[in-house]
Amino acid sequence: MGLWLKSFFSWCAWVVLTLTQGPFVGFVALFNKDASFRVSRGWARSLLWVAGIRVEVRGAEKFECGRVAVFVSNHHSYVD
């Protein structure tokens, strides 16, 4: 029962965050692309936090700013 309840509340939080932050990100993007990126990053982090997903980045020091990169995820669940 506890897992079902946690899943239900996580899903509800995802819906509320998406319905409130999604249009806000779109509105901000009309005026400032950099601010839109920052707002959408906060939105994504809050969605991950609500779902209890921990993101681990390995080898970030090997990336050079301004260069093209391909990111590959090691899938552990259906969420990622």
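The values are calculated or read from the model by the stated rules, or taken from the named source; none is laboratory data. Computed from a prediction, not measured in an experiment: that's the story for all the values here. Positions of Cβ are backbone-derived with ideal geometry, glycine not excepted, and every protein chain shown enters the neighbour counts. When the accessible area is computed, the model is the full protein with side chains, heavy atoms only, and any ligands, DNA or RNA have been set aside. Shrake-Rupley method; radii C 1.70, N 1.55, O 1.52, S 1.80 Å.
Taken one residue at a time, the phi angles of the range 27-34 give Karplus couplings (6.51, -1.76, 1.60, θ = phi - 60°) of 5, 5, 5, 5, 10, 8, 5, 5 Hz. Gly and Pro are set to x. Dividing the summed helix terms, -39500 (n - 2.57) for each DSSP H run of n ≥ 4, by the number of residues in the chain produces a 222 nm estimate of -21500 deg cm²/dmol to the nearest 500.
Protection proxy ranking for 53-59, 43-49, using the average of other Cβ atoms within 10 Å per residue and placing the highest first: 43-49, 53-59.
Over the chain, with every protein chain in place, what whole percent of the accessible area is carbon and sulfur at 1.4 Å, could you tell me? Reported share for carbon and sulfur atoms: 66 percent. Each pair of Cα atoms in the range 1-62 enters the Kirkwood radius, and Stokes-Einstein at 37 °C and 0.692 mPa s then converts it into a translational diffusion coefficient of 248 µm²/s.
Each Lys and Arg contributes +1 and each Asp and Glu -1, all at the Cβ; summed about the Cα centre of the range 1-72, the dipole is approximately 60 debye.
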